[in-house]
Structure formats: C-alpha cells, structure tokens
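One structure below.
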Amino acid sequence: MSDSKEQEAPGAFMSVLKSRATLKTKIHSKVSKKAAGKDSQNPEELVTASTSYWTSESDGEVQLRMSKKTNNEPPITVPDMIMSAATKYAHYLAIGSKYKKSWQLLTYVEYYEACRRAAKAFLKVGLERFHGVGIMGINSVEWVIASIGAIMAGGISVGILSTNTPKTCQIIAETSKMDIFVVDNEKQLQKVNQIQGYLKHLKAIIQYKEDIQEVQPNLYSWKGFLDLADGIPDETLDKIIDSQKPNQCCTLVYNQNTTGIPKAVMLSHDNITWTTAATVQNLRYKCPPDGQEVLVSYLPLCFAAIQILDMWVAISVAGTVYFPSIEALKWSGLPRAPGTGFLMEMLREVQPTTFCGIQWVWDRMLDSLKTKHLDSSAFRRRIDRWAMHMGLSTNKRRILGQIHQPLCFGLAKRLTFEPARKFLGLNHCHQFLSVGQGLPRATMDFFLSLDIPIMELYGLSECTGLHSLSNPQTFRLQSCGKPFPSTHTKLEKQNQDGVGICVLGRHIFMGYLNDKENTEKETDSYGWLHTHDLGFLDFDRFLYILGDIDDMITLSSGEVVNPSPIEERVRTRIPIVRYAMLVGQDAPFLCALLTLKCQINPETGEARSTLTSEVVACCRKLKSQSTWLADVLYDRDPLVTEFISQGIQDVNEEAPSEGAKILKWVIIDNDFSVAGGELGPMSELSRATVAKIYQEDIQKLYEADPTP
C-alpha cells in the first residue's frame, strides 16, 4: 500500500495490461464474442446465447435480456470492467483504509494488481470454478479485494453478514460449495471453526484483521495468503479470466431478511456491469479528469445495492472509496449514531462527494441537528427557522420546475444550510442517497428545508439491488424516482390498497441457487420478476412504494389492511413517535405498537432510556416534565397520553374503512434499533421479531374492551 496519490505503476503489471486488451473497444469486442460463443459481435446473437432466462445451477448460463429493437451496450464481465478502469485511471486513488492514524491508499493500478494477487492465491489454495468464497466481516480494503479476486479466479463471491449465527453460516457455506472463508477477526473465525467439520468443500480460512491467536493447518493471515500468489503464473489466471462469460454467475447475495433458510440470489457478470452502467448514467457522478468522487463505505457490502454503489460504481467512475478504521471502531458491524460515533467523524475527515444512508442513519443525523438547534440561542433558532422555511418552500417549487430562487436564498445558505452540512461532514456532497426502507415524509421535509434533497432508491437483491432511482432532474417527494431506461415495470392488481410490482430488464437475477421451485414461483417464462411490493406509477412514470404484500394484515372479518400508509400517518401526526407497527392478524381490530424517539448509545447502537431533545421540547410545550421514557410508560404522563390519543384519532379520521382504524395502542418500553434486533441490518422493520419480542404486550391489547 502507498501513502502517495501518484505512484509509478509497476513495470510487470503494466506489461500485463499491455499484453491483454488495453482499450475499451477491444474489451467489448472480445467479450461480445465470448458471450455469443462464436466469433461474432452481433448483439442479437447474445440474446440467444442461452435458451432460458433462468437457472438454479451455479455453473448455468442464462439468456441475456437484450432487446433486438434498441441499441444495447455490449455485455462485459466484471474482470474486464475492472481492467478497463485500471488501464484508464491507473494513477488515481482507488481505495483506502485508516490504520492507527495514517491512511493506507492504493491507486487503481495497485488495486488491480492486488486483486490479481488475491485471485492467484485463491487458485493456489484450491478454489474450484463456480465454488464460493465467503467473506464475513466489516467493510475494508481486504473485503473488496477478496471479492474481486474470487471472481477473477472463476469462483463466486459470497458476502455474509457478520451478525449471522454459525448455523446460518453453515447453510450458506453448504449451498454455495464454499471452498474458502475470509473473515476479519477472531470472533468470526470461531464461527467457522464451529462448523468446518460439516463443510466438505472447505479448503482454507483467511483472517485479514487482528493477529492469529492459534495456528491452524488451513488458516492464513492476509499477508501469508497473498504470498501464495507467487506460485501461480499470470498466464494461468488470464486463461480463467478470458474464459468467463457475462451470462454466468459471479456473485451470490443471500436474502438476509427472510425467516427460515436464506435464499441465494445468483447475479451474473452482466447483472453487475449493466446495473453499474445504468446507475452511473442516471446519477450525477463525477469522473476524471473533470473531478473525482469521494465515497465512504460503511453499510454492509453483503447487500446488492451497497455493492453496486460502493464497489462497482466507484470502479466505473474511478472514485476513491474510504473504509472505516478498525482501531477506532471496536465495531460490531452495525452503524453507530452520527455525532458521537465513528461515522460523522469519518465524514468530516474524508469529505465525501456522494453520501448514501439508510433510514436509521438519516434519523440519527436528524436527531443530532435538532439537538444542536435546540441548544443554540433564541436568536440563532429564529434565524434557522426562517432559513428552513425558505429552504423547504423553495425546494418544493424547484421540484415542480420553478428554478428561480428568492434573493435572500443565498443568505439562508450561508447562515444555516452550509453550517448544517459542515456539522454533518457533508459540506462537499453534491448528491445524497437513501436505500432500503423509504424515509418518513417528516424526515424528507426536514432535510429538504436544509437544502439537502435526499434521493431515494428502490430495488431488491433479485434486481441487482436497484430498479428505480431519483436524481435532481427526476425527483418527487416520497417517490423512489423513475425506473432505469431499457427496463420495464408492470403493475398487477392485488387488492384495494395497491397493486403488485413486476420488473423486467438486464438487471434481473439469474435465479435462486439450487432452488428451482422458488425461482419459478417468483418469476415467469417471459423474464418478469414479481417483487411482492405494492406501489404505483404516476402520470410521469415516477414509482411509489406503498408496502409489502407479505406484510398485509387480514382481520377476522376478512378485511385486508395495508399497514404501511397507516403507520406513516401515525409518525407524521405524532412527531414524538419514531416507529409505529400495526398488529391484528386474524384479530377483530387493529392495534399499534409505538416507540418514542430515544437517544442511541453510540458505542453499541442500542436505544437509551433518555428521550431525544426534540421529544423533551415537545413535552415542555405540552406542559409535561417528562425526560425519560419511563416517565410516559403505562399512562404515567396524562399530557403525553392525551397528545398521542388525539394523534391516533386524527389518523383514524382519514381511515378508508372501520377496519383500518386503530382501536388500541401501547408505548413500547424501548425504541427500536438495529442492535436490539427490531430493525434489520438496513434499518427495515423486522415485524416477525417485534411481534415475538412484544408478544405479551400484544396479548394485553386484545384482552380488554376494544372501545376506544
């Protein structure tokens, strides 16, 4: 690794680049021939290279969804995309991690060479074609090098959540025929040691963080592992890279949020390279020599959308990706609260140009900004309220196409907007993204009032993480933007509350590994993927998500209720509520579990028992003296109870039917969090887990008279 931004490329590596296809046009030509299986560059032949859109075999090939009527980018493999970037942007900074107090950085030419070394080392320890390389640990340089190296070597990269149990790891390892486990520390190593006796394919374990505590026959340090590359000639690796086809599997993404056995989503080279290109074309990424993107990678890379945004897009636009410092984190793999945890400190130091968050992170940022606002002087608060009112109204008009700013907008920017961005470490950001669960309208409005328009993205692992996205030119509040060009979105009627979304395009996955039954259940012979999400397209083709079909509640009367829009109205009407979850499956009426906004422990990510400054300020307006969550539980504070009751009543007045009304509610004794298990790793509400944890509270709601 190097601390320099400009490094001379090693002569041996440059000769490797020159000996292979060093120009993008040559790469396209060569790979087009590979995908067609013959000496032809005709895209129509690529369409028919395989007879089916689906496969459940790891070594299977699929028909690419390329339209014969439109111009299509020739499909390329992941190794060729990376080689193209290394050739074109050899001396630009690619990735960096902080070790102790200094940044260790790699240029693109060094990055590519490191990936090749990892690939050769994987071959040396016995990686077989289309067998898995499991990577389990926090985001790091080693994580991405191991992933790319596994693909280069003809294996399949398999990202694994660091919070997974040994049993889940065993299932993943067995289904993917995992030859190699790559782990970050001793804790993850012990999980593998518990199950390796059951893994018939396992050949090696690599530990890339912390010193190895106990020597094992098949255990390697990161350095010891890379040293194995010297035994494999470049020609051997090049032969494997050249044999890969765009319509073959290179990555497995496991559905982490489902109950039971996780399903393995097979993604092809073309899934990744096409989705990457579509994302770059639709978002405002800078690219050398006009500028260079700076990105921070902290969300789990085992999710398809995060891989696209943090790994593949970064390579495509020659951005610099910075990873968190393991020494500073003492981290469990869960995002901490900005302001006092690692994230905001890192943002302030790195100064990203594009930032991607999830609801949990944006909520923590909102809490930090509101606390800062409430701690400021009365005069400062008046200035901020004036500026934020102008920011919100101006940006809403801008969404509707009115581009003229008020004369004093620049003053508001200097006095409030720029200080807020600087406080968050986002003062160099030009685009703000949100993935996962949609943001509440109040959160969107708050950041929009600070001239921070958050662009929401939508997608599933089965469509390579992304299907639609917003950008400054295609932006609507609470919409996840427009679907990618050359993709299709079809709506199928499900019930009175919404229609199911089906999607089609080159980003649709190959199938579920070893699971033909579920592949056929979720897809059809025409190439459509049934997402299980409810939503609609407006007149301008903006996509709105209304909920998940699997979350629908069927009352004992037979009425089916979509909980998502009702829960959103509760959060909007009652601003002290962080989460609202409706229950009532097979019950006579709906009830709601409510959590109040509580402070988060920055070290563990767990919710504290102290109410946030925003909630305390709201209580004071109600003439309530509550400061702790315990002060308002069990109706101890009649002022807060009445405030929530009035909010629920307002929500019920908008209900489309009697069955859609909330008849009873209870405040839960803890705010939901990722660390507590109520939220998934991408901050999505885990309804089954919440129902299990608070089963007793739910039962009590249905024991008494339902009369409100």
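In the stretch 99-110, is there at least one residue being among the polar types (S, T, N, Q), modelled with pLDDT of 95 or more and either under 19 Å from Gln188 (Cβ atoms) or surrounded by fewer than 19 Cβ atoms within 10 Å (Cβ to Cβ) (or both)? I'd like the intermediate steps shown before the answer.
Within the stretch 99-110, the first condition is being among the polar types (S, T, N, Q), and the residues that meet it are 102, 104, 107.
Still in the list and also modelled with pLDDT of 95 or more: 107.
Going one step further and asking which of them are either under 19 Å from Gln188 (Cβ atoms) or surrounded by fewer than 19 Cβ atoms within 10 Å (Cβ to Cβ) (or both), we end up with none.
Checked against the condition, which is being among the polar types (S, T, N, Q), modelled with pLDDT of 95 or more and either under 19 Å from Gln188 (Cβ atoms) or surrounded by fewer than 19 Cβ atoms within 10 Å (Cβ to Cβ) (or both), the stretch 99-110 yields no hits at all.
Which count do you get for residues in the stretch 437-483 that are part of a helix (DSSP H, G or I), among the small types (Gly, Ala, Ser) and at pLDDT below 95?
1
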Original post:
Looking at the stretch 565-585, which of its residues are in contact with a Cys (Cβ under 8 Å, 6 or more places away or on another chain) and not in a strand (DSSP E or B)?
Top reply: Pro575, Ile576, Gly584
**OP:** Look through the stretch 124-138, keep the residues that are in contact with an Asp or Glu (Cβ under 8 Å, 6 or more places away or on another chain) and small (Gly, Ala, Ser), and return whichever of them is farthest from Gly149 (Cα to Cα).
**Re:** Gly137
Original post:
Which pairs have Cβ atoms under 8 Å, sit 6 or more apart or on different chains, and link a residue in the stretch 285-303 that is farther than 20 Å from Ser470 by Cβ and touching a residue at least 24 places away in the same chain (Cβ under 8 Å) to one that is outside any loop (DSSP other than H, G, I, E, B) and small (Gly, Ala, Ser)?
Top reply: Pro300/Gly159; Leu301/Ser147; Leu301/Gly159; Cys302/Gly159
Original post:
So which residues in the stretch 101-122 are outside any strand (DSSP E or B) and touching a Ser or Thr at 6+ places or on another chain (Cβ under 8 Å), if there are any at all?
Top reply: Glu110, Lys120
Original post:
Taking the stretch 484-505 only, how many residues are at pLDDT 85 or above, surrounded by fewer than 22 Cβ atoms within 10 Å (Cβ to Cβ) and not in a strand (DSSP E or B)?
Top reply: 3
Original post:
When you go through (1) surrounded by fewer than 22 Cβ atoms within 10 Å (Cβ to Cβ); (2) touching a Leu at 6+ places or on another chain (Cβ under 8 Å) one by one for Cys429, which number turns out not to apply?
Top reply: (2)
Subject >> Checklist (1) within 17 Å of Ile95 (Cβ to Cβ); (2) modelled with pLDDT of 90 or more; (3) in contact with a helix residue (DSSP H, G or I) (Cβ under 7 Å, 6 or more places away or on another chain) applied to Pro324, failing item >> reply: (2)
**OP:** Go over the candidates Leu283, Leu228, Leu219 one by one and state the one that is in contact with a Lys or Arg (Cβ under 6 Å, 6 or more places away or on another chain) and surrounded by fewer than 23 Cβ atoms within 10 Å (Cβ to Cβ).
**Re:** Leu228
Subject >> Residue ID - farthest from the chain's Cα centre (by Cα), chosen from residues in the stretch 506-545 that are buried (at least 22 other Cβ atoms within 10 Å of the Cβ) and of a type in the set (Phe, Trp, Tyr) >> reply: Tyr512
**OP:** Just one of (1) modelled with pLDDT of 95 or more; (2) out of contact with any helix residue (DSSP H, G or I) (no Cβ under 6 Å at 6 or more places or on another chain); (3) surrounded by 21 or more Cβ atoms within 10 Å (Cβ to Cβ) trips up Glu128, so point out which.
**Re:** (3)
Subject >> Selected residue [among the β-branched types (Val, Ile, Thr) and out of contact with any Leu (no Cβ under 9 Å at 6 or more places or on another chain)] from Ile452, Ile403 >> reply: Ile403
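Would you mind listing the helices (runs of 4 or more DSSP H) fully within the stretch 596-708 where at least 3 residues are farther than 30 Å from Glu345 by Cβ and touching a Ser or Thr at 6+ places or on another chain (Cβ under 9 Å)? Don't jump to the end; show me each part of the working.
Numbers: elements: 613-621, 638-653, 687-693, 695-701.
Filter on the stretch 596-708 gives 638-653.
Answer yes or no as to whether Val215 is of a type in the set (A, V, I, L, M), part of a helix (DSSP H, G or I) and more than 23 Å from Ser97 (Cα to Cα).
Numbers: of a type in the set (A, V, I, L, M): yes; part of a helix (DSSP H, G or I): no; more than 23 Å from Ser97 (Cα to Cα): yes.
Considered against the rule, which asks whether it is of a type in the set (A, V, I, L, M), part of a helix (DSSP H, G or I) and more than 23 Å from Ser97 (Cα to Cα), Val215 comes out as no.
One residue is enough: does the stretch 262-282 have a residue meeting the conditions among the hydrophobic types (A, V, I, L, M, F, W, C) and modelled with pLDDT under 95? Let's see the steps before the verdict.
Residues of the stretch 262-282 that are among the hydrophobic types (A, V, I, L, M, F, W, C), as a first pass: 264-267, 272, 274, 277-278, 280.
Checking the rest, the ones that are also modelled with pLDDT under 95 come to none.
Within the stretch 262-282 (the criterion being among the hydrophobic types (A, V, I, L, M, F, W, C) and modelled with pLDDT under 95), the answer is no, since none of the residues qualifies.
Can you name the residue in the stretch 428-454 that is in contact (Cβ under 8 Å) with a residue 60 or more places away in the chain and among the aliphatic types (A, V, I, L, M) and is also nearest to Leu546 (Cα to Cα) among such residues?
We begin by selecting, within the stretch 428-454, every residue in contact (Cβ under 8 Å) with a residue 60 or more places away in the chain; these are 428-443, 446-447, 449-451, 454.
Pick out the ones that are also among the aliphatic types (A, V, I, L, M) and you get 433, 435, 439, 442, 450, 454.
Values: Leu433: 19, Val435: 15, Leu439: 12, Ala442: 17, Leu450: 26, Ile454: 18 Å.
Step by step, filter the stretch 428-454, then rank; the result is Leu439.
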**OP:** Spot the failing condition for Lys26; the list is (1) modelled with pLDDT of 85 or more; (2) surrounded by fewer than 22 Cβ atoms within 10 Å (Cβ to Cβ), and only one is missed.
**Re:** (1)
Original post:
Looking only at residues in the stretch 410-425 that are over 28 Å from the mean Cα position of the chain (by Cα) and surrounded by 17 or more Cβ atoms within 10 Å (Cβ to Cβ), which one is nearest to Leu369 (Cα to Cα)?
Top reply: Thr416
Original post:
What are the pairs, 6+ residues apart or on separate chains, where a residue within the stretch 163-192 that is more than 20 Å from Val265 (Cβ to Cβ) and part of a loop (DSSP other than H, G, I, E, B) has its Cβ under 6 Å from a residue that is small (Gly, Ala, Ser) and at pLDDT below 95?
Top reply: Asp184/Gly137
Original post:
What do you reckon, is Val192 of a type outside the set (Lys, Arg), touching a Phe, Trp or Tyr at 6+ places or on another chain (Cβ under 8 Å) and modelled with pLDDT of 95 or more?
Top reply: yes
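The values are calculated or read from the model by the stated rules, or taken from the named source; none is laboratory data. Keep in mind that what you see is a predicted model, and the values were worked out from it rather than measured. Quick reminder, even Gly has a Cβ in these numbers, built from the backbone with ideal geometry, and neighbours come from all protein chains shown.
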